[in-house]
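Only one structure is covered here, and it is reproduced in the block below.
The values are calculated or read from the model by the stated rules, or taken from the named source; none is laboratory data. Computed from a prediction, not measured in an experiment: that's the story for all the values here. As a convention, Cβ positions derive from the backbone with ideal geometry for all residues, glycine included, and neighbour counts pool all protein chains shown.
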Amino acid sequence: MEQQLMELGQKVAALEAGTGMSNTVNMEIFYWWCTALMITIHAGFLAYEMGASRAKNVLASGTKNLLAFAFVVPTFFFFGWWIYNAFPAGLTIAEGSSAAAPWSASMGPNLSDNATGVFWAAFALFAATTASIMSGAVIERIRLTAFLILAIILGSVVWILGGAWGWHPSGWLTTELGYHDVGAAGVVHLIAGAFTLGVLLNLGPRIGKYDENGQPKPIKAHSVPLTVIGLMLIIVGFFGFLGGCIIYMGGAQWTNIYGQPATLSAFAFNTLMSFSGGIIGGWIKTRDPFWMMSCGLVGIISAASGLDVYYPPLAFTIGFVGGYTAPLVARMLERAKIDDAVGAVAVHGFGGAWGVLAMGLFAAGYPNMGEMPPVTLYGQIISLVVLGVLGFAPGYLISLAMKSAGYLRVPHEVEVMGLDLVEVPIEAYPEGMTQPARKETSSTGGIPGAVPAE
């Protein structure tokens, strides 16, 4: 009998160990595929920006987007991940942050650590996404190397510092103000939009954007269909992005980034409802397919802070308000001579700010973990201001220094010719889409040929 009990105990222990490892591997698999889906966001940004550019700048816009991803990932490895773990309390270095240093045993192959790599990968994709938000706004006139420096600062320093403050379970915005932002409306979108606004103020508008009276003129995208498809790909990738915002707990309920109970079901309800609300808001306001899809994205961002707690019709309403309002914000910026080529400040900056504020308006009193304060409108507003300043100040000051050094913008003649001629060794459309076709003649007289996109 004693021998049988011992064998039974060993089997139970083996079963528990196997279950524990299964939970660990399932967690690893979940974040692996979240990361893969997030790469779809970058396929979307690539199509979105290339379509929004004129044909003479298509490949330069695409190259810029690819390089932003390529530079942000390694810089996030070398210092971005450490910033997140080092500064949740403010600007003092937290104990234990050395585990996130690039030379740490956890930052590489380690059979005793199944978590660090996949969490780092998810956060690295958040970083690359944040940098790419700026990318579309500055197309057709920014120097490539200046952009890459700004992208590294935004993706691997600024946003992740905001993430440490407002997305880390020990972040001071949460522990002191009760800040709640499960889907990163503030720590990603608001920061990126504010940073982009700072850069645009110094970069200036594209040549030809304003007439001699200062009135804005349309600079048409060379492929609106490609842009709309790109936006839809971003939405697909957003399901990976939002999945990465929830914590897989093997054998237990999911939690949000703050340790509060959450479900993917709540995220599913509210993501789809807010997306639909945003599209409808954009359609009612503009009837423009580009803005309909952009406003669908605004809708998700608008509801992002409370995806875990909102009643789905409320998420729809919040998304509708964001989608209806974002084109108005874009128009206001345009009239102020701020040339945002894809509306990134309105979509991400305004959408993120509205998302943070909406959480305070509609979910005040939601309890926090332990003795941390609950959600309050005051806490959300103060956090909104903090994150907005955190994004805007470095974007404005660093781009101002670049402008003063003559380093921010390409030369006038390069911008007129098109960046592809200078920066890219191949042609996007070798059949001649970048120049007007010659006029054809016939026996009946001169018949003008089609004038392709410029």
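Within region 19-40, is there a residue that is more than 30 Å from Ala221 (Cα to Cα), at pLDDT 95 or above and within 21 Å of the chain's Cα centre (by Cα)? No, the conditions are met nowhere in region 19-40.
Cβ separations smaller than 8 Å between residues 6+ apart or across chains give the following pairs from region 196-218 residues that are within 21 Å of Gly406 (Cβ to Cβ) and in a helix (DSSP H, G or I) to residues that are among the polar types (S, T, N, Q) and modelled with pLDDT of 95 or more: Gly198/Ser399; Val199/Ser399; Leu201/Ser399; Asn202/Ser399; Leu203/Ser399. Every condition in (1) surrounded by fewer than 20 Cβ atoms within 10 Å (Cβ to Cβ); (2) touching a His at 6+ places or on another chain (Cβ under 9 Å); (3) modelled with pLDDT of 95 or more is met by Arg331 except one, and the failing one is (2).
From the list Glu431, Glu427, Glu371, Glu454, the one residue that fits, being at pLDDT below 95, in contact with an Asp or Glu (Cβ under 9 Å, 6 or more places away or on another chain) and charged (D, E, K, R), is Glu427. Among the residues examined, Gly80 qualifies as on the phi < 0 side of the Ramachandran plot, in contact with a Ser or Thr (Cβ under 7 Å, 6 or more places away or on another chain) and either at pLDDT 95 or above or of a type outside the set (Phe, Trp, Tyr) (or both). For region 358-390, a tally of residues being surrounded by fewer than 21 Cβ atoms within 10 Å (Cβ to Cβ) and outside any loop (DSSP other than H, G, I, E, B) returns 9.
Annotation note: of Ser294, Ser274, Ser302, Ser265, the sole residue that is of a type in the set (S, T, N, Q) and surrounded by fewer than 18 Cβ atoms within 10 Å (Cβ to Cβ) is Ser265.
Applying a threshold of 8 Å to beta carbon distances and a minimum spacing of six or more residues, or different chains, the list of pairs starting in region 179-191 at a residue that is on the phi > 0 side of the Ramachandran plot and in a loop (DSSP other than H, G, I, E, B) and ending at one that is at pLDDT 95 or above and not polar (S, T, N, Q) reads Ala184/Gly163; Ala184/Ala304. Taken as a whole, the condition of being surrounded by fewer than 24 Cβ atoms within 10 Å (Cβ to Cβ) and modelled with pLDDT under 95 applies to Gly208. Within the option set Ala55, Ala47, Ala60, Ala68, being out of contact with any helix residue (DSSP H, G or I) (no Cβ under 7 Å at 6 or more places or on another chain), surrounded by 15 or more Cβ atoms within 10 Å (Cβ to Cβ), under 29 Å from Ile235 (Cβ atoms) and of a type in the set (Gly, Ala, Ser) holds for one residue only, Ala55. In the set (1) closer than 24 Å to Gly244 by Cα; (2) part of a loop (DSSP other than H, G, I, E, B); (3) without any contact (Cβ under 8 Å) to a residue 40 or more places away in the chain, Asn114 fails one condition alone, (3). Residues in region 203-260 that are among the hydroxyl-bearing types (Ser, Thr, Tyr) and touching a strand residue (DSSP E or B) at 6+ places or on another chain (Cβ under 7 Å): Tyr210, Thr255. Gly250 passes every criterion in (1) farther than 30 Å from Ala60 by Cα; (2) in contact (Cβ under 8 Å) with a residue 40 or more places away in the chain; (3) part of a helix (DSSP H, G or I) apart from (3). Please tell me if Ala393 is surrounded by 20 or more Cβ atoms within 10 Å (Cβ to Cβ), assigned to a helix (DSSP H, G or I) and more than 16 Å from the chain's Cα centre (by Cα). No.
The set of residues in region 163-178 being of a type in the set (S, T, N, Q) and either closer than 15 Å to Phe350 by Cα or not in a helix (DSSP H, G or I) (or both) consists of Ser170 alone.
Going through Ile139, Ile133, Ile152, Ile160 one at a time, which residue ends up being more than 15 Å from Phe69 (Cβ to Cβ) and part of a helix (DSSP H, G or I)? None of the others qualify; the one that does is Ile160.
Ile284: closer than 14 Å to Val182 by Cα and among the aliphatic types (A, V, I, L, M), yes or no? So Ile284 does not fit the description; no. Note on region 76-105: residues that are more than 25 Å from Glu176 (Cα to Cα) and either buried (at least 21 other Cβ atoms within 10 Å of the Cβ) or of a type in the set (A, V, I, L, M, F, W, C) (or both) total 8.
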